[in-house]
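Here is the structure we will look at, set down as structure tokens.
The values are calculated or read from the model by the stated rules, or taken from the named source; none is laboratory data. Because the structure is predicted, anything quoted here is derived from the model rather than measured. Virtual Cβ from ideal backbone geometry, glycine too; neighbours counted across all protein chains shown. The accessibility values were calculated without ligands, DNA or RNA, using every heavy atom of the protein model including side chains. Shrake-Rupley method; radii C 1.70, N 1.55, O 1.52, S 1.80 Å.
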Amino acid sequence: MTSVFTKIINRELPARILWENDGFIAIVPKDHFVNPGHLLVMPKVEVDYIFDLPDGIYAELWQHCKMLAGILRTITGAARIGIAVEGFSVPHVHVHLCPVNAVEELDPHRATVWTESERDAFTTQFREKLAAMDAR
């Protein structure tokens, strides 16, 4: 069965796409945010378990996460960008990049409200920072 992320990648479902290239995509999750600025980075190839990724794709995934985390930290001013890879919620490898200022903020049961307008503003700001990086 095709994952929800593959449907987003194929434009069969809507999503706030922050960045993508031929092999990877970064999106704002639809719900279940750790903090505003939380985003998901994933390969376009549908693989269920991160350690089943081919070595090249695995390495490239983390390179993209590092680049995107830098933008995320600049925009949010967070002390750290936390990383989570739980692999159970959607059978498609994805890395959660989460702006955090304290360890308890990574508690998956902690609810954060992030309004539609806040997500819109974040998406615009993120894309602007990314475009500025690309222009260099």
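What is the magnitude of the charge dipole of the chain about its Cα centre, with +1 placed on the Cβ of each Lys and Arg, -1 on the Cβ of each Asp and Glu, and no other charges, expressed in debye to the nearest 20?
Using Cβ point charges on Lys, Arg, Asp and Glu, the chain gives about 380 debye.
Calculate what fraction, in whole %, of the accessible area of the chain sits on carbon and sulfur atoms when a 1.4 Å probe is rolled over the protein chains.
Roughly 55 percent of what the probe reaches on the chain is carbon or sulfur.
What translational diffusion coefficient, in µm²/s and rounded to a whole number, does the Stokes-Einstein relation yield for the range 32-75 at 4 °C and a viscosity of 1.567 mPa s, taking the hydrodynamic radius as the Kirkwood radius over Cα pairs?
Result for D is 110 µm²/s.
Using Cα-only point scatterers and the Debye equation, what is log10 of I(q)/I(0) for the range 64-136 at each q in 0.11, 0.15, 0.19 Å⁻¹, rounded to two decimals?
Ignoring solvent entirely, the Cα scatterers give -0.32, -0.61, -0.96.
Return one whole number: the accessible area per residue of the range 12-136 in Å², for a 1.4 Å probe.
57
Return an integer: the convex hull volume of the alpha-carbon atoms of the chain, in Å³ per residue.
114
Okay, which of the range 100-121 sit inside 17 Å, backbone N to the point 7 Å along the Cα-Cβ direction of residue 133?
Answer for the range 100-121: 100.
Once both labels are modelled 7 Å past Cα along the beta-carbon direction, what's the residue 84-residue 115 spacing in nm?
2.4
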